[in-house]
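Asks: Mind having a look at this structure? Questions to follow.
Rule-based calculations on the coordinates, nothing more; no lab input. Since we're looking at a predicted model, the values are computed, not measured. Note that we place each Cβ from the backbone using ideal geometry, even for glycine, and neighbour counts take in every protein chain shown.
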Ligand code: AMP
């Protein structure tokens, strides 16, 4: 079994109210791959410049992530993104986006990447997502992420992608923007009508909800005392969620399995935000993930079997 992800491999500059980093490894595909590597063999399809060092690549290969399809453009510079978080750590301003080699990115998939059973299309130009999807003919589970930029300027192509995938993972504002619906539930239902069987609405530090035709499930984020850097939380969540489903290949996916996948995504995302960039997830261990999933289960369960006579 294997999982292919296409998306950004980047250098990020991040400032929070507490600290800042001027340049660290990031990118949606990077955060996703590190999280998904707990569950399956991961192939990353992306592009970098020659400022991307062997040390950067080793962050991925240390976890047996296949980087063969990360193209190195000679004389080029790696995609650079810079953001500043507000005091609530849930919203941020993008200060700078330098596409660099990403501007002319044409995903090139090896036979191994094309043969993956699971495919994640991280946030890139929807027409490129379509190209990748068309090449992955063996996939039994496909998922897509996107952002407001593509909803605003490439909505038609994004809707074509959505019609072809099994799962859409967006934040709550994005699914409302995309569908024009006023609530997460009505927006998710509108997306289910387009073809996918699973829609996830991420809600930042408030957690995430998943809506399927079988029903829905809602999970808060794991409560942490301190959050150091929320960058990549959504991609780590997606990596945990999609990775869990890759490791549970019975299809169609049931809501019961989706609920557990949500817990793994939520747990790994909570580690991601404890430190800057990839620092925490790159040294995270399986037993730590399992312990946090169990902790999450214990603080979100309640017993509704006790009888109470309500007064009216
Ligand atoms: P998240 O915090 O989950 O939204 O993911 C942030 C990651 O996405 C960062 O590591 C950035 O490098 C990357 N990123 C930011 N903007 C873009 C963009 N326009 N296209 C692709 N990746 C991006």
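Asks: Kindly provide log₁₀ I(q)/I(0) values, in the same order as q = 0.11, 0.13, 0.23 Å⁻¹, from the Debye equation applied to equal alpha-carbon scatterers of the range 170-277.
Replies: -0.34, -0.47, -1.24
Asks: Gain in length, residue 310 to residue 205, computed as 0.36 nm per residue apart minus the alpha-carbon separation, to one decimal in nm?
Replies: Between residue 310 and residue 205, full extension yields 34.4 nm more.
Asks: Please compute the Kirkwood hydrodynamic radius over the range 58-188, one decimal place, Å, based on all pairs of different Cα atoms.
Replies: 16.8 Å
Asks: Next up: Can you give me the angle between helix 126-135 and the longest principal axis of the chain, using Cα atoms only, in degrees from 0 to 90, rounded to the nearest 10?
Replies: Rounded to the nearest ten degrees, it is 90.
Asks: In whole Å, what are the Cα extents of the range 176-231 along the three principal axes, biggest one first?
Replies: 39, 24, 17
Asks: Quick check on the chain: helices-only [θ] at 222 nm, where DSSP H runs of length 4 and up contribute -39,500 (n - 2.57) each and the sum goes over total residues. Nearest 500, please.
Replies: -10500 deg cm²/dmol
Asks: Taking the chain on its own, what percent of its Cα-Cα pair distances exceed 28 Å?
Replies: 35 percent
Asks: Related question: Could you work out the mean projected area of the convex hull around the alpha carbons of the range 139-212, in square nanometres to one decimal?
Replies: That works out to 4.6 nm².
Asks: Next question, about the same structure. Based on the inverse mean of 1/r over its pairs of different Cα atoms, what is the Kirkwood hydrodynamic radius of the range 29-86, in Å? Before the final figure, lay out the partial values.
Replies: Numbers: mean 1/r = 0.0811 Å⁻¹.
So the Kirkwood estimate lands at 12.3 Å.
Asks: Can I ask one more? Whole angstrom only: what separates the Cα centroid of the range 31-64 from the Cα centroid of the range 278-312?
Replies: Rounded to whole Å, the Cα centres lie 30 Å apart.
Asks: Now, a different point. So what's the range 1-137 giving for Cα Rg divided by 2.2 N^0.38 Å, two decimals? Before the final figure, lay out the partial values.
Replies: Details: Rg = 15.1 Å, N = 137, 2.2 N^0.38 = 14.3 Å.
For the range 1-137, the normalised Cα radius of gyration comes out at 1.06.
Asks: To the nearest 0.05, what FRET efficiency results for residue 149 and residue 275 with a Förster distance of 41 Å applied to their C-beta separation?
Replies: Efficiency, from the Cβ-Cβ distance: 0.90.
Asks: Hey, another quick one. Can you give me the angle between helix 286-300 and the longest principal axis of the chain, using Cα atoms only, in degrees from 0 to 90, rounded to the nearest 10?
Replies: For 286-300 against the chain, the angle is about 30 degrees.
Asks: Note the angle between two axes, namely the Cα long axis of helix 155-164 and the longest principal axis of the Cα atoms of the chain, as a number of degrees from 0 to 90, rounded to the nearest 10.
Replies: The helix 155-164 is inclined about 70 degrees to the chain.
Asks: Where the centre of each part is set by its Cα atoms, how far does the range 163-208 sit from the range 67-86, in angstrom?
Replies: 28 Å
Asks: If you don't mind, another one. Determine the relative contact order of the chain: mean sequence separation of Cα pairs under 8 Å and six or more apart, normalised by residue count, in whole percent. Working shown, then result.
Replies: Details: 667 pairs, mean separation 53.9, N = 312.
Computed over the chain, the figure is 17 percent.
Asks: Still on this structure, please answer the following. Evaluate the Debye formula for the range 225-310 with equal point scatterers sitting on the alpha carbons, no solvent, and hand back log10 of I(q)/I(0) at q = 0.11, 0.17, 0.21, 0.22 Å⁻¹, in q order, two decimals.
Replies: After summing over all Cα pairs, the log10 values are -0.37, -0.73, -0.99, -1.05.
Asks: Let me ask you something else. Rounded to whole Å and ordered largest first, report the semi-axes of the equivalent ellipsoid of the range 117-177 derived from its Cα gyration tensor (root of 5λ).
Replies: Ellipsoid half-lengths, sorted descending, are 19, 12, 8 Å.
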